[in-house]
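The values are calculated or read from the model by the stated rules, or taken from the named source; none is laboratory data. Model, not experiment: these values are computed from the prediction. When we count neighbours, we look across all protein chains shown, and the Cβ atoms used for this are built from the backbone with ideal geometry, even at glycine. Please note that ligands, DNA and RNA were not included when accessible areas were found on the heavy atoms of the full protein model with its side chains. Shrake-Rupley method; radii C 1.70, N 1.55, O 1.52, S 1.80 Å.
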Amino acid sequence: MVTRAEILILGLTAGVAGSLVGGLMLGIGLGLVVNGVHAAWVLVLPAAPVGGMIGYGLARRLARQAEAP
């Protein structure tokens, strides 16, 4: 059984880690695009989904941990 504290920690961890990774990708990518490196769109476009995938992975790990006896 997953406790409320574990869900709270999951939310905080996913939010912080996702924001850091997605924000860095977005910031670096947009900085490069503004300076004329248009290949940096490869960093900008997947920034939000990558940040979300971190939370998804953490949630799957917590669910797997809850299943184990």
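Descriptive notes on the structure:
- Equivalent-ellipsoid semi-axes of segment 29-69, from the Cα gyration tensor, Å, largest first: 36, 6, 5
- With each label modelled as a point 7 angstrom along the Cα→C-beta vector, the LEU45-ARG64 pair spans 3.0 nm.
- By accessible area with a 1.4 Å probe, ligands and nucleic acids excluded, highest first: order of LEU24, LEU58, LEU32: LEU24, LEU32, LEU58
- Overall, the accessible surface of the chain at a probe of 1.4 angstrom is composed of carbon and sulfur to the extent of 74 percent.
- Calculated on the alpha-carbon coordinates, the convex hull of the chain measures out at 59 cubic angstrom per residue.
- Using a cutoff of 8 angstrom between alpha carbon atoms and counting only pairs six or more residues apart, the relative contact order for the chain works out to 43 percent.
- Taken one residue at a time, the phi angles of segment 34-50 give Karplus couplings (6.51, -1.76, 1.60, θ = phi - 60°) of 4, 8, x, 8, 6, 5, 6, 4, 5, 7, 6, 5, x, 4, 5, x, 5 Hz. Gly and Pro are set to x.
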